[in-house]
1. Residues that are out of contact with any helix residue (DSSP H, G or I) (no Cβ under 8 Å at 6 or more places or on another chain) and among the charged types (D, E, K, R): which helices (runs of 4 or more DSSP H) entirely in the stretch 87-180 hold 3 or more of them?
2. If I filter the stretch 89-129 down to residues being over 25 Å from PHE17 (Cβ atoms) and of a type in the set (Gly, Ala, Ser), which single residue comes out as surrounded by the most Cβ atoms within 10 Å (Cβ to Cβ)?
3. Only one of PHE31, PHE76, PHE71, PHE95 is of a type outside the set (Lys, Arg), in contact with a Leu (Cβ under 7 Å, 6 or more places away or on another chain), touching a residue at least 12 places away in the same chain (Cβ under 8 Å) and closer than 29 Å to TYR126 by Cβ. Can you tell me which?
4. Select from the stretch 1-39 the residues that are acidic (Asp, Glu) and assigned to a loop (DSSP other than H, G, I, E, B) and write down the one among them that is farthest from the chain's Cα centre (by Cα).
5. Collect the residues in the stretch 169-222 that are buried (at least 18 other Cβ atoms within 10 Å of the Cβ), more than 29 Å from ALA38 (Cβ to Cβ) and not aliphatic (A, V, I, L, M), keeping them in residue-number order.
6. Among the numbered criteria (1) open to solvent by 30 Å² or more (accessible area, probe 1.4 Å); (2) touching a Ser or Thr at 6+ places or on another chain (Cβ under 6 Å); (3) of a type outside the set (A, V, I, L, M, F, W, C); (4) closer than 24 Å to ALA47 by Cβ, which one does LYS86 miss?
7. Every residue in the stretch 40-76 that is assigned to a strand (DSSP E or B), closer than 14 Å to GLY113 by Cα, in contact with a helix residue (DSSP H, G or I) (Cβ under 8 Å, 6 or more places away or on another chain) and open to solvent by 30 Å² or more (accessible area, probe 1.4 Å), please.
Amino acid sequence: MELGAMRMGYRGAEEAFEERHLASRDPVAQFEAWLAEALRCPAVGEANAMCLATCSRDGKPSARMVLLKGFGQDGFRFFTNRQSRKGRELDSNPFASLVFYWEPLNRQVRIEGSVRRLSEEESEQYFHSRPRSSQIGAVASRQSTVIPDREYLMKRNAELEEKYRDVPVPKPEDWGGYILQPDVVEFWQGQTSRLHDRIVFRRLRDGAEPPGPMTQRGEGEWVFERLAP
């Protein structure tokens, strides 16, 4: 299979993403502006779909697609089974990266930061806001464990549907939420010339790299810079 000739056109130079085009000098507000555009774009299937990359304690990475379920100045929220591979890796190495890719808009956002568990109260609240079938599915599936076949899973699901027919579905003890607290947020917009636009925000914490001559001040603890593509 020859892939070398595959090449998509992106945006032209007249549609460059420049610093003056930032909706905000706060990266969370800028993310909200880009997410709102993705939500309005009919060609974007799931604007809140993101690649979550985690890493084991000994440096072996893994990545998968999950859904963003909330965000704010405190971070970006998602939910999963805590005994899954990603859950175990986050427990042993509480740092992760998120990537949103909105292909019809030729845009992506990359976010890096530390991760902590959400409270049981918040996890319970979100769990019971999900469709009932999703609640039962979370109980039925011990995520990332080996099972004999699909029939086993469907049988287990049917048993639980009968068991909880007239009562609330309990949240599994090992199911819950996480929040990624961002330290780096990069906004990328593609150019057909491959001179892509990259504006990256960094949070200045103790020990962080001090601003250089081309670094600009953002809101609060944030600074931003343009990176070569």
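1. Numbers: elements: 120-127, 132-140, 150-163.
Because the criterion is at least 3 residues that are out of contact with any helix residue (DSSP H, G or I) (no Cβ under 8 Å at 6 or more places or on another chain) and among the charged types (D, E, K, R), the helices (runs of 4 or more DSSP H) in the stretch 87-180 that meet it are 120-127, 150-163.
2. Within the stretch 89-129, the first condition is being over 25 Å from PHE17 (Cβ atoms), and the residues that meet it are 89-96, 114-129.
Cutting the leftovers down to of a type in the set (Gly, Ala, Ser) gives us 92, 96, 114, 119, 123, 129.
Working: SER92: 12, ALA96: 22, SER114: 14, SER119: 11, SER123: 18, SER129: 10.
Across the stretch 89-129, the extreme among qualifying residues is ALA96.
3. On the way: PHE31 fails: in contact with a Leu (Cβ under 7 Å, 6 or more places away or on another chain); PHE71 fails: in contact with a Leu (Cβ under 7 Å, 6 or more places away or on another chain); PHE95 fails: in contact with a Leu (Cβ under 7 Å, 6 or more places away or on another chain).
Answer to the selection: PHE76.
4. Initially, the stretch 1-39 is screened for residues acidic (Asp, Glu), giving 2, 14-15, 18-19, 26, 32, 37.
Then drop every residue that is not assigned to a loop (DSSP other than H, G, I, E, B), which leaves 2, 18, 26.
Working: GLU2: 31, GLU18: 24, ASP26: 18 Å.
Here the residue is GLU2.
5. Passing the criteria: LYS171, PRO172.
6. (1)
7. Passing the criteria: CYS55, PHE71.
Residues checked against (1) modelled with pLDDT of 95 or more; (2) within 30 Å of ALA23 (Cα to Cα):
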residue	(1), (2)
ILE147	no, no
ARG150	yes, no
ARG165	no, no
TYR178	yes, yes
GLN189	yes, yes
ASP197	yes, yes
VAL200	yes, yes
ARG217	no, yes
ALA228	yes, yes
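The values are calculated or read from the model by the stated rules, or taken from the named source; none is laboratory data. Quick caveat, the model's predicted, so the values are computed rather than measured. With ideal geometry, Cβ positions are generated from the backbone for all residues, glycine too; neighbour counts draw on all protein chains shown. For the accessible areas, the whole protein counts, side chains as well, though only heavy atoms, and no ligand, DNA or RNA atoms are used. Shrake-Rupley method; radii C 1.70, N 1.55, O 1.52, S 1.80 Å.
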